[in-house]
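Bear in mind that the values in this text are calculations on the coordinates, not laboratory data. None of the values given here were measured: they were computed from a predicted structure. All Cβ positions, glycine included, derive from the backbone under ideal geometry; neighbour counts span all protein chains shown.
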Amino acid sequence: MPSSWWYKFAFVLLLLVASIVILIPTVFLPEEVDDRDSWPGWYRWYTENIFSGRLTRGLDLQGGIHLQYTVDVDTAMARKLDTYAHDIENEMQAKGYEVQVRVLDDTSMEVTLPGDEAQDELQEYLYLYNLEVAEQSGDRFRLELNSDYLDQTRDWAIETAIATIRSRIDSLGVAEPSIRSRGNTDIIVELPGLGEERFADAKRLIGTTAQLEFRGVHPQDRTYWRDVAGLIPREGTIEYYRGSVEATDLEELRTFAATLENLDPSDPAVVPEDAIIAFEEQISYHPTTGQVMPDQNRFRMMLLNRRVEMTGETISDVRPINDPQTNRPFVSLTFDSEGKNLFCSVTTEYNQDYLAIVLDDIVKSAPIIEEPICEGRARINMGSSGSYEALYREVEGLVIVLRHGALPAPIEPQFETQIGPTLGADSVRQGTIAIIVGAIMVVFFMMLYYGLSGIIANLALILNVFFLFSLLAALSATLTLPGFAGIVLTVGMAVDANIIIYERIREELRVGKTARDAVSGGFQNARWTILDANITTAIAALVLANYGSGPIQGFAVTLMVGIITSVFTALFVSRLFFELYLAKSRTQRLSI
């Protein structure tokens, strides 16, 4: 027997062992991927030191959630324009110009600027902030954001939102999430294998815009709400209580706040021009267990300064910390050099006054600044009651959204669909049945039609499927229902390759060649036919993988991996089995 045969056999044996090693996490990994403490000791050691990749099931096989959001790009533009207007007004007033700036809508502002020299100075800001003069009437200018800049900002908002959502979801340990854009404003999020608790965590993380702002509490916060009390609707949960307006339904308060902002300017209950309304959540905890009771949480309206003193853009680090005195968790913020100086200036200005820390429109805390803070650190307290676990969970969620950045614009949920495990189990069962039935039919056909050679083909087919699953696991691929279709197609293509080879061997035998020469000639003559057919199929699969999405991509990836294993088992493994048979057999007759 040639020595090269032993090398080939050792190579296949090595691949078989490697495949078993790769498939162990897929076979033995518990359902709760993130619950490492529940894993057996040997398995934890194995995944930490040997191999941890695994073949995961997609949304259609194990259930999960399908979410669709719309990115509120107009709000993002309005925020940018408000910042630009504030900067232009402050900088030109600092230069001694009598300027007034008023935001008109999401894309335009009005600037009142007397004097030719001042108007020349304005040209610098047009270029700096991508503005252009849409209309001029004397000393009044209506400025609009450049249309090209608007288009670029919209595209940037969608791309940034997808990247931010993906980083937040990755922090949850969700296997193979699918996050993609649809149209000009929509984002589709698919998260496989989430339980109810993690489902709620994921929705909260995705929906939190995480626009962190520091604003002063408005001087009228304690007196303003008395004028508002008479406007509270009789129906609903809103009530005037101890000098403030509270409700259990946050959306009710937001609707009521919009009503106050749209009152006649002469009405005493109208929101002051230099103020905005925010909401402080008052969390309720169970008196015995300390668990959060969401149904009993209340929200209180607060009046804050419209001017934003600083934002979260200057934060360099954020992490959960335990207070050594109270053993309560809080969020620790560390600012960069710019933020350190700015925070020192802000806390000096608000010394002995209240400074609110606002995430989106929710006031996380509003401490009184007892002395200037110039060491570049701040903290966000999440409450003083409730269980440690509940508070730490809230702190950890806030750390995640701050650490991975704010969404460039608010996102509004459009609809959600939760796919239960029953549908996934049915899909797995039906796909498995399809593969088993197809494989059994192929096995019997090959044995009945080709005899002993059919058994060799069946052994190669089994190894083909085994190598296919191990390669998918090595790639940490996600197996979907279309992926099952790709596996079934791979089985068919593998059988087709074996049939081509066997027919060529039979042709060689008919012209009187020996079994060994017929096998050699059959494989040699069939090689390029098999390669041509599989290469063209692989090109089609590559196109589908590059330009398709979702299920189409899953099918294409499975098909490409299947082509690799099919060609290898047909041209290499099958021939190895024939060489083994002919080397060990006393007769040179071939059952084919």
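Partner lysines whose Cα lies under 30 Å from the Cα of Lys95, excluding those fewer than 8 positions away in the same chain, are identified as Lys80, Lys340. Rounded to 0.05, the FRET efficiency of the Asn146 and Asp82 pair, given R0 = 22 Å and the Cβ-Cβ distance, is 0.80. Across the stretch 210-406, the mean sequence separation of Cα contacts (distance under 8 Å, 6 or more residues apart), normalised by length, yields a relative contact order of 25 percent.
In 10 Å bins starting at zero, report the fraction of Cα pairs in the stretch 63-203 per bin as a rounded %. P(r) over the stretch 63-203, rounded to whole percents: 11, 32, 20, 16, 13, 6, 1.
The alpha-carbon of Lys513 sits under 27 angstrom from the alpha-carbons of these lysines, leaving out residues fewer than 8 places away in its chain: Lys8, Lys584.
Mean sequence separation of contacting Cα pairs (under 8 Å, at least six apart), scaled by the length of the chain, corresponds to a relative contact order of 17 percent. Value of Rg to Rh for the chain, rounded to two decimals, is 1.14; Kirkwood radius and Rg both from alpha-carbon coordinates. Sorted ascending by nearby beta carbons within 10 Å, beginning with the fewest, Ser332, Ser167 become Ser167, Ser332.
As a length-normalised measure over Cα pairs under 8 Å and 6 or more apart, the relative contact order of the stretch 73-150 settles at 25 percent.
Between Glu273 and Gln220, residue separation times 0.36 nm minus the direct Cα-Cα distance comes to 17.9 nm.
Summing -39500 (n - 2.57) over the DSSP H runs of n ≥ 4 in the chain and dividing by its residue number, what mean residue ellipticity at 222 nm do you reach, to the nearest 500 deg cm²/dmol? Walk me through the numbers before you get to the answer.
Values: 17 runs with 302 residues, N = 592.
After summing the helix terms and dividing by residue count, I get -17000 deg cm²/dmol.
Size of the dipole of the stretch 73-150 about the Cα centre, Lys and Arg at +1 and Asp and Glu at -1 on the beta carbon, nothing else charged, in debye to 20?
Numbers: 6 positive and 19 negative charges, 44 e Å.
Computed about the Cα centre, the dipole is about 220 debye.
Shown for the chain are the DSSP H helices of 20 Å or more along their axis, judged by Cα atoms, with a mean Kyte-Doolittle hydropathy of at least -1.0: 3-28, 73-94, 147-171, 388-403, 421-450, 452-474, 481-510, 515-547, 551-568.
With +1 assigned to the C-beta of every Lys and Arg and -1 to the C-beta of every Asp and Glu, and no other charges, what is the dipole magnitude of the chain about the Cα centre in debye, to the nearest 20? Before the final figure, lay out each step's value.
Working: 48 positive and 80 negative charges, 1095 e Å.
That gives the chain a dipole magnitude of about 5260 debye.
What's the longest uninterrupted piece of the chain once you rule out the trypsin sites (Lys or Arg not before Pro) that are loop residues per DSSP with at most 13 other Cβ within 10 Å?
Here the longest segment lacking exposed loop sites spans 308-585.
What FRET efficiency would be calculated for the residue pair Phe415, Trp6, taking the C-beta separation as r and a Förster radius of 60 Å, to the nearest 0.05? Please list the in-between numbers first.
Values: r = 61 Å, r/R0 = 1.02.
According to the calculation, E is roughly 0.45.
Taking a point 7 Å out from the Cα of Gln282 in the direction of its Cβ, the residues of the stretch 217-240 whose backbone N falls within less than 20 Å of it are 217-218, 220-240. Within the stretch 562-592, find all residues whose amide N lies under 16 Å from a label point positioned 7 Å from the Cα of Leu452 along Cα-to-beta-carbon. Zone members listed by number: 575-592. If R0 equals 51 Å, the separation of the Cβ atoms of Ala583 and Ala163 corresponds to a calculated FRET efficiency of about 0.30. Full extension of the chain between Ile50 and Tyr125 gives 21.1 nm of extra length, using 0.36 nm per residue less the Cα-Cα distance. Full extension of the chain between Ile440 and Thr536 yields a length gain of 31.8 nm, computed as 0.36 nm times the residue separation minus the alpha carbon distance.
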